[in-house]
Amino acid sequence: PLPVAHNLSALLTLALNGWSMWFLSSQLLAFSRQQEKEVEPQRRKGRKEDSSRITHHASLFPSLLAGLVFMLYPTFQGQLAAGHTGLLVLYPVPLYVASLLRLSIPSNVPVTGRANYRFILTAAIFFTMSMWGSLLILIYLVAPITGLFLIYLLWRRAWGSLLCVLLALGLGAMLSAPFLLPILREQASQTMREQGSVLYSASILGVVSPSFYHPLFKGLEHSHRVLGVDPFEGASYVGIIAAALCLIAVWRVRRARKWLLLAALAWVFSLGPLLKLYDQPLAVRVADYPTYISLPWALFQNLPILNIARTPARFNFAVGFAVAVMAGYGAAYLESRIKPPARWIGLLLLMALIAFEYQFFWGMPTVPATIPRQVVELREREDVRAVFDVPWEHLLTDKDGMYLQTGHGLPMIAGHITRRTPLNPAMGFLLQRTLDPALLDQAGVDIIILHKEWDDEEGALDAFLRGRLGAPFYEDQLITVFNVPPYVGEPPGFISSIELPDQIGEQADLYFYAPAPGTVTLTGQVASDSPRDAILYLDNTPILEWTVQNEIGLNVPVEIQSAGYHTLTIAADLPCPTIGDPALECVALRLSGVALEGYVPLNTS
């Protein structure tokens, strides 16, 4: 069954993540021993053997511990609980790093040779595979690790290895082009840009904030304050045992220290553009004015490609990766100091304690997976053309609707791409707000499903649907399903539905439907207590710019080039910033009596 298949694939993905980290950790420990023998004997000649000799005794258990840390790291449990299973497809990344390791050690490798060609190819393949779950893994995990490798090779002046790695990256970029180019095209048109980098950044206390769902930590007040708003994206706990192993590794194993650098840089990026102590940016008052502490991510968040990554907290993916590697080094050091069988018993006990401490949810959040029989039976009805899931504007409505679609198998009016629906907002707004029979018939809507959990209007949408469509034919705790009465009549005419705020801090949208090209007049008043620049857009194209001071009457003719759904936007230029202090106020535009009047279709005679 589909729910079982989904859950099983998620759990097996976590297991694969742990397996691939086990493989990488075993390779790192083995290469440390090889480097000791082949590359550094002269450097170490005449010196007392340091703690890196622990790699001579490396066995199965330290690598298994590293894999366990990577499999169960709280950041990944948060993503699993939120249903972000694509972001959990991380197992190609350790294999990609293992291939880079083969190209980077020893420090100067000739480009020729079958072995190098093989590892260049495998690095390129795993580079491409790392983005199959989510392209964002390139930003949150692959890029930081690759950058660390390149910097290390430059610092060592290992030109042969550097050339091999660059060849692998070039080949990987070519293999990834079919997946990356569509995203780059969307990003260039600014349709993929998202907001929320402050909201979805990690708290500086996140790394020391265990889950308040855990029976041992539920009484920690600071964990409630740090994670209470978003325990999914905000999960970034390192763990007491893993942190101790990392400290041992950094203190006693020189090769672990570069992974500490990766963890530190990724952690700083995970804090986002502004420092957050709990769930809000930390404000500092200077001469009674609040200001915020900017962090390095503020320099990068608006760069091309990076600006599609709205969730800096996910840089904890790279933190978890580095913690797993360092924990493996630390476990190997401890193992070298303990004789069997105590060493095996001790490491197994450490693994059990890590698994217990890392458990973030008791138990994992779940949702019902049963699709009602009445919804499944819609597939048998010949009178149903399409299903409209409402409230359409909520980001989770279409996800639930697409799951229901696995049962009814009918076309959907909206759907979902990346984080939101590709549906024209004017169409969604007018269909939902007007329930105009002609518009619904033209769109092919014969079934409307209300998702109660996402109805933020406290039942107002439910009452509106019942008032216009009558009683539903099915209802449970989660959904209400309505039949749309058959419509026999004229095609829809000009329809607009204007619900604007009294004040505009950034922008306000007016939606309308035009049955044919023509003109319509925007009327009303706009005012401001001090001069503010404003722009009027039609479907994201500016058609008028002016400066608002005092009150100005609107009488703007708008030329409509095509039939269909359109959006008029009145926007302040520049928009008001988020201030967060009632003593400071941004002067907003005030609207009153705004309407679209006098639609005249184009005379095609």
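Restricting the search to helices (runs of 4 or more DSSP H) fully inside segment 278-378 and requiring at least 2 residues that are of a type outside the set (Phe, Trp, Tyr), in contact with a Gly (Cβ under 9 Å, 6 or more places away or on another chain) and closer than 23 Å to residue 18 by Cβ gives 316-336, 342-358.
Of the set (1) touching a strand residue (DSSP E or B) at 6+ places or on another chain (Cβ under 6 Å); (2) open to solvent by less than 10 Å² (accessible area, probe 1.4 Å), all apply to residue 235 but (1). The set of residues in segment 151-177 that are of a type in the set (Val, Ile, Thr) and without any contact (Cβ under 8 Å) to a residue 12 or more places away in the chain contains only 151. Among the residues of segment 261-279, is any over 23 Å from the mean Cα position of the chain (by Cα) and at pLDDT 90 or above? Yes, because at least one residue in segment 261-279 is over 23 Å from the mean Cα position of the chain (by Cα) and at pLDDT 90 or above.
Selection of first residues in segment 442-458 that are touching a residue at least 12 places away in the same chain (Cβ under 8 Å) and within 15 Å of residue 402 (Cα to Cα) and of second residues that are open to solvent by 20 Å² or more (accessible area, probe 1.4 Å) and assigned to a helix (DSSP H, G or I), restricted to Cβ pairs under 7 Å at least 6 apart or on distinct chains, gives the following pairs, ordered by first then second residue: 448/469; 450/462; 451/400. The test for being modelled with pLDDT of 90 or more, surrounded by 17 or more Cβ atoms within 10 Å (Cβ to Cβ) and touching a strand residue (DSSP E or B) at 6+ places or on another chain (Cβ under 7 Å) does not hold for residue 248. Of the set (1) in contact with a Leu (Cβ under 7 Å, 6 or more places away or on another chain); (2) open to solvent by less than 20 Å² (accessible area, probe 1.4 Å); (3) at pLDDT below 90, all apply to residue 79 but (3).
Of all residues in segment 338-378, those satisfying the criterion of being closer than 30 Å to residue 250 by Cβ, of a type outside the set (A, V, I, L, M, F, W, C) and surrounded by 14 or more Cβ atoms within 10 Å (Cβ to Cβ) are 343, 346, 357, 358, 359. Taking residue 211, is it in contact with a strand residue (DSSP E or B) (Cβ under 9 Å, 6 or more places away or on another chain), open to solvent by less than 40 Å² (accessible area, probe 1.4 Å) and modelled with pLDDT of 85 or more? Against the criterion (in contact with a strand residue (DSSP E or B) (Cβ under 9 Å, 6 or more places away or on another chain), open to solvent by less than 40 Å² (accessible area, probe 1.4 Å) and modelled with pLDDT of 85 or more), residue 211 does not qualify. Annotation note: Cβ proximity below 8 Å between a residue of segment 210-225 that is under 16 Å from residue 358 (Cα atoms) and a residue that is hydroxyl-bearing (Ser, Thr, Tyr) and part of a helix (DSSP H, G or I) (sequence gap 6+ or interchain) occurs for 210/223; 211/223; 212/223; 217/223.
The values are calculated or read from the model by the stated rules, or taken from the named source; none is laboratory data. Not measured: the values here are computed from a predicted model. Because the Cβ atoms are built from the backbone with ideal geometry, glycine has one as well, and the counts that use them run over all protein chains shown. The area values use the complete protein model at the heavy-atom level, side chains included, leaving out ligands, DNA and RNA. Shrake-Rupley method; radii C 1.70, N 1.55, O 1.52, S 1.80 Å.
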